[in-house]
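The values are calculated or read from the model by the stated rules, or taken from the named source; none is laboratory data. These numbers were taken from a predicted model, which means no experiment stands behind them. Heads up, the Cβs are rebuilt from the backbone with ideal geometry, glycines too, and the neighbour counts pull from every protein chain shown.
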Ligand SMILES: C[S@@+](CC[C@H](N)C(=O)[O-])C[C@H]1O[C@@H](n2cnc3c(N)ncnc32)[C@H](O)[C@@H]1O
């Protein structure tokens, strides 16, 4: 199906406005390929009609359908290994100390005493569930200490409703559990039923879910995050959008918090709000101290 350069511009601007994802003119084939099934699904004859519809009918349904067609949801458990090793070996013990200090300062308990972890652009859940598994393993190894999984608040967000629905179900195919999970963890945390591998309920229940567009004004919760995973999402954004997202992440992170980016992502020439620190075989970002 043909896509004129005029319609390409309209569709590209629409996608940029609603999701922050940017496409150069060379990516015309990608838009063509990914949105072609949507043309008829949206009741349109061709791209021209679809682009007119996008201008005049900014319905949530159409927006979700476009976003779902265009986003890349590629993910896996413990993706890239090293960030999760840094989280396990360095950050979790720090968080445990922080929780203990907070419990001493707020004997009433509740939200102010918890460690808050955000996984944004969480896709089908493998990233936040990897975090939950590590938290579970860490707290199980802390016998005698009063740190439990309930001391951790793990929030996972994504712009796409469809991927969040799959994530919340906590059910995966064999090839999905084969990617990144050791046999030991697969056996410990999943039960096989037919073609489906189902995550244990206690791990599934450690994660809360929220549909959220990271580029829209941000008011998900009043508290700040101790750790943010924002991985393999910003690579699709243009620089202006990346800058806005870094500003948001900086506002969301506590002064002593840690930010994980994807292996292909960094802050270079985009923001001076963060500085990188090496943790094992990975780079982690912290808020730059001012003054
Ligand atoms: C490639 S996946 C990365 C998943 C996971 N973070 C990882 O590293 O394996 C990128 C995810 O970002 C989501 N996404 C794209 N644009 C977004 C936006 N503006 N706000 C929130 N999520 C977005 C997509 O729906 C997709 O699920």
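At a glance:
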{"read-out": "Which listed residue, of 278, 208, is within 16 Å of the ligand (Cβ to nearest atom), under 25 Å from residue 76 (Cβ atoms) and in a strand (DSSP E or B)", "value": "208"}
{"read-out": "Residues being in a loop (DSSP other than H, G, I, E, B) and over 18 Å from the mean Cα position of the chain (by Cα) - total across region 58-93", "value": "2"}
{"read-out": "In region 120-152, residue farthest from residue 182 (Cα to Cα) [restricted to those that are in contact with a strand residue (DSSP E or B) (Cβ under 7 Å, 6 or more places away or on another chain) and more than 15 Å from the ligand (Cβ to nearest atom)]", "value": "151"}
{"read-out": "Among residues of region 45-91, those that are modelled with pLDDT under 95, away from the ligand (no atom under 16 Å from the Cβ) and within 16 Å of residue 129 (Cα to Cα), counted", "value": "0"}
{"read-out": "Exclusive hit being more than 19 Å from the chain's Cα centre (by Cα), in contact (Cβ under 8 Å) with a residue 40 or more places away in the chain and buried (at least 18 other Cβ atoms within 10 Å of the Cβ), set 279, 233", "value": "279"}
{"read-out": "Subset tally (residues that are in a helix (DSSP H, G or I) and either within 17 Å of the chain's Cα centre (by Cα) or free of Cβ contacts under 8 Å to residues at least 40 places away in the same chain (or both)) for region 138-155", "value": "3"}
{"read-out": "Of residues in region 162-187 being over 18 Å from residue 85 (Cβ atoms) and loosely packed, with under 15 Cβ neighbours inside 10 Å, the one nearest to the chain's Cα centre (by Cα)", "value": "165"}
{"read-out": "Only listed residue being modelled with pLDDT of 95 or more and either in the same structural domain as residue 86 (by TED's automatic domain parsing) or in a strand (DSSP E or B) (or both), chosen from 268, 285", "value": "285"}
{"read-out": "Close pairs (6 angstrom Cβ cut-off, 6 or more residues apart or separate chains): on the phi < 0 side of the Ramachandran plot in region 169-188, assigned to a loop (DSSP other than H, G, I, E, B) anywhere", "value": "179/76; 181/77"}
{"read-out": "Filter pass, residue 203 being surrounded by 17 or more Cβ atoms within 10 Å (Cβ to Cβ), part of a helix (DSSP H, G or I) and touching a residue at least 60 places away in the same chain (Cβ under 8 Å)", "value": "yes"}
{"read-out": "Odd one out for residue 226, checked against (1) within 12 Å of the ligand (Cβ to nearest atom); (2) under 24 Å from residue 282 (Cα atoms)", "value": "(1)"}
